[in-house]
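The values are calculated or read from the model by the stated rules, or taken from the named source; none is laboratory data. Please read all numbers here as calculations on a predicted model, not as lab measurements. Heads up, the Cβs are rebuilt from the backbone with ideal geometry, glycines too, and the neighbour counts pull from every protein chain shown. Ligands, DNA and RNA are excluded from the accessible area calculation, which covers all protein heavy atoms including side chains. Shrake-Rupley method; radii C 1.70, N 1.55, O 1.52, S 1.80 Å.
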Amino acid sequence: MKVKDKWKRGLPYVGNKGQKVEQIMEALPDGKRLVDVFGGGGCVSLTAASSGKYEEVIYNDRRKTVVELLRALINDEPHFNLIRSNER
């Protein structure tokens, strides 16, 4: 598995949509942009981004630490400062 594909299914997260993501993607219409308002572990956003159905995928979650952690994992950044991320 390529590093960039390692986190395609997102973080293991309570309520993760990983088991249903293929069905979710089939139900969503094609379009220019997908906005994942309650992104959580990022499963839907990451799958949508690699699907080719959308020109732009916007991931959102109220927990900034989760957003930053997903960004670090996707970009294969080996160092992630949890203390600094919580200060934002």
Asp76 - accessible surface, heavy atoms, 1.4 Å probe, Å² rounded to 10: 100
Projected label distance in nm at Val35 and Ile58, using a 7 Å step from Cα toward the beta-carbon: 0.5
Region 34-62 residues near the modelled Met25 label - backbone nitrogen below 12 Å, point 7 Å along Cα→Cβ: 43-54
